[in-house]
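Report on the structure given below.
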Amino acid sequence: MMCRTTVALFVRALALLLCVATAFAADNSRRGQKMLREGMRLETEGQYAQAARAFTAAVEAAPGDGEAWFHRGRVRYTLGDFQNALPDLTRAVQLEPSDGQAWMLRADCYRKLKEPAKALADYNEAAKLNVDTPALYNARGAIYADMGEAEKAIVEYSHGIRLRLDDPTPIKQRGNLYAGLGKYQQAIDDYDQAIALKPDYTDAYLDRGFAYGQLGDFERAVADFERVLQAQPNSYKALALLGAAHLKMRDYKSAVDDFTKAIAVQPNDVFLYLGRAACYVQLGKPEQALADREMAVQIKPDSPEALLARGGSYHQMGRHEEGLRDRSEAIRLNPNLPEAWLARGSAYYLMGKYQAARSDLLKAIELRPDYEEAKQVLAKTEEQLAKAAPPPAPPPSPPPAPVIAQTAPPPVAPVVPVVAKPAPAPVLTAPVETRTPVVPMRPAATSESHEALGRDYLNKGELARAVVELTDAIRMKPDHPSAYNARGYAYLRMHNYKNAIADFDEAIKLDPKYVNAYHNRAVARRAAGDAAGADADTAMERRISGR
């Protein structure tokens with residue numbers, strides 16, 4: 001009887017405990033939900049520290065609630081506490097693995113903690129869970145850009161831009177990637193679009209000015225840099241680039257002013273002093289040039305560029321031994337710098353040390369096989385070596401023919417022996433080459449060869465020559481759309497927009513799906529003031545290319 005009573009009491013006690021536990025869990029759940037709602041309210045109001053405390057209470061009350069972990073991770077991320085946000089977000093994705101936003105935010109956290117590979121993996125998980133937002137694509141684009149994979153980054157940014165056309169930042173970032181690939185015209189198109197969305201976007205003006213400079217359009221570059229300086233008068237980057245543009249335009253006095261202002265803002269930038277020194281050289285002020293180059297070396301004694309520049313000043317002033325010493329030091333610091341070998345080879349040439357010059361110039365060409373300047377100095381050096389070489393020695397005379405004595409016959413009577421007179425030595429002459437020298441035949445010019453040469457001139461910036469060659473290409477093959485497009489681009493860079501548009505018209509007439517021709521015509525039309533026509537061409541370009 002007692003045994004049954006004991007068992008009954010135990011069962012009742014266990015049931016009571018279960019009820020208490022259930023009630024306690026329910027109470028904790030209610031308390032957790034209450035604190036979660038309170039934290040969300042505070043987060044909405046921007047009271048992030050108080051929200052974090054509320055979410056901590058929610059997590060403690062209901063540790064299995066993934067939403068509470070996510071929200072605490074998010075406010076910690078917002079507060080910049082990435083180290084503590086990360087474990088919260090990790091717990092959130094463990095509890096709610098189908099929550100794409102949790103994967104997305106943890107990826108953002110990994111980016112802040114400089115772990116791009118982990119961030120990319122989390123963004124990819126978010127994408128699998130149908131997170132299809134501009135932020136995801138733009139973030140992946142930024143990671144690929146940091147990893148040096150520009151083409152992949154452009155694809156990602158392009159996806160993000162299509163989802164949100166009114167955000168200038170990713171458009172400018174894509175422009176920077178195009179510029180990094182040397183596709184400056186496409187970069188300018190993106191910068192134009194970014195500026196149209198945000199007219200005070202100074203960074204876009206700065207980068208567009210740089211791109212214009214790379215295309216040789218220094219007037220537009222100057223206009224963009226001056227626009228930046230209107231908003232940011234002490235932008236040393238804009239001042240430095242403006243000085244470089246004025247230097248290219250041979251406006252040396254303006255360039256000196258620009259570099260001087262930049263130096264006042266950034267007095268330890270070696271290249272500002274080197275830029276101003278180059279202007280002083282052109283203005284016939286060698287002492288000021290040397291002073292700036294001395295300062296550059298003082299700031300950065302291990303800069304091969306500064307040493308080469310100072311060496312140039314020394315040679316200009318006749319101090320060749322000092323110049324030679326600077327150039328030798330530059331080679332020691334960077335033996336793979338072809339400019340250093342050319343500089344020292346040129347110094348040896350000026351000093352009449354032609355063998356040493358030849359050795360250095362050959363090294364420069366070995367490092368850069370298309371180094372035309374080094375080849376020109378080498379040709380002059382070879383001329384000097386040929387002049388200094390002693391005349392060739394005459395060929396040695398042939399040995400005299402041997403004298404053979406005649407043997408006397410047996411004596412019958414005393415006879416004076418007769419010695420035969422030696423025959424004259426034969427004269428040996430080298431055989432005369434009678435073959436007609438073979439002159440290499442130059443292949444007949446074709447439309448394609450003219451176009452190739454024209455494009456080569458385009459790349460070198462020799463626009464007038466490019467137009468001549470491309471005109472010959474068109475004359476020989478009038479239905480050649482790429483030649484019209486290339487000549488139109490040459491006219492575009494010469495600011496001859498009327499002829500440029502006419503050539504692009506013809507290219508599109510011959511090939512209605514010629515994406516690059518639409519792109520170039522849009523640029524020309526915009527420059528000519530035809531914004532509507534430019535927009536129509538840009539729309540057609542995107543329709544054809546699928547961008």
| task | State the dimensionless ratio Rg/Rh of the stretch 491-547 (Rg: radius of gyration of Cα atoms; Rh: Kirkwood radius). | result | 0.95
| field | Calculated Rg and Dmax of the stretch 210-290 using C-alpha coordinates, Å | value | 12.0, 35
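How much length, in nm to one decimal, is gained on full extension between A528 and K513, taken as 0.36 nm per residue of separation minus their Cα-Cα distance?
Working: separation 15, 0.36 × 15 = 5.40 nm, distance 2.31 nm.
Length gained, A528 through K513: 3.1 nm.
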| Got a sec to turn the phi values of the stretch 324-335 into Karplus ³J(HN,Hα) couplings, 6.51 cos²θ - 1.76 cosθ + 1.60 with θ = phi - 60°, whole Hz, x for Gly and Pro? | 5, 5, 5, 6, 5, 5, 4, 5, 5, 6, 9, x
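Please work out the Kirkwood hydrodynamic radius for the stretch 335-386, using every pair of different C-alpha atoms, and report it in angstroms with one decimal place. Each step should come with its number before you reach the end.
Values: mean 1/r = 0.0973 Å⁻¹.
Taking every pair of different Cα atoms in the stretch 335-386, averaging 1/r and inverting gives 10.3 Å.
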| Burial ordering of L324, L492, fewest other beta-carbon atoms within 10 Å first | L324, L492
| field | Cα pair distances exceeding 20 angstrom across the stretch 447-545, given as percent | value | 32 percent
| said: Residue by residue through the stretch 125-131, what is 3J(HN,Hα) from phi via Karplus (6.51 cos²θ - 1.76 cosθ + 1.60, θ = phi - 60°)? Round to whole Hz and write x for glycine and proline. | reply: 5, 4, 5, 5, 8, 6, 6
| Can you list the HN-Hα couplings for the stretch 362-368, worked out from phi with the Karplus curve (6.51, -1.76, 1.60; θ = phi - 60°), rounded to whole Hz and with x for Gly and Pro? | 5, 5, 4, 6, 4, 6, 9
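Quick one: length gained pulling R475 to E383 fully straight, 0.36 nm per residue minus the C-alpha distance?
On the way: separation 92, 0.36 × 92 = 33.12 nm, distance 4.19 nm.
Gain on stretching R475 to E383: 28.9 nm.
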| P(r) tail fraction, the stretch 109-221 - alpha-carbon pairs more than 19 Å apart, % | 47 percent
| query | At what distance in nm do the modelled label points of D302 and T44 sit from each other, each positioned 7 Å from its Cα along Cα→Cβ? | reply | 5.8 nm
| remark: Going through K198/K509; K363/K387; K183/K253 one by one, the pairs whose alpha carbons sit over 30 Å apart turn out to be K198/K509; K183/K253
| field | Modelled FRET efficiency - R0 41 Å, R37 with L113, Cβ distances, 0.05 increments | value | 0.85
| said: For the stretch 292-368, I need the span (max minus min coordinate) of the C-alpha atoms along each principal axis, in Å, sorted largest to smallest. | reply: 33, 26, 14
| field | Pairwise label distance in nanometres, E366 with N459, each label 7 Å out on the Cα-Cβ vector | value | 2.6 nm
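Please arrange F70, F225, F218 by how many other C-beta atoms lie within 10 Å of their C-beta, fewest to most.
Numbers: F70 22, F225 28, F218 19.
Ascending number of Cβ neighbours within 10 Å: F218, F70, F225.
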| Sorted by Cβ density within 10 Å, fewest first, the residues R76, R521, R358, R41 | R41, R358, R76, R521
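Apply 1/(1 + (r/R0)^6) to the Cβ-Cβ distance of T446 and A536, taking R0 = 25 Å, and write down the FRET efficiency to the nearest 0.05. Intermediate values should be presented prior to the final figure.
Details: r = 35 Å, r/R0 = 1.41.
The value I calculate is 0.10.
Only the coordinates and a few stated rules stand behind these numbers; no lab work does. These numbers were taken from a predicted model, which means no experiment stands behind them. Ideal geometry is used to build each Cβ from the backbone, glycine not excepted, and the neighbour counts take in all protein chains shown.
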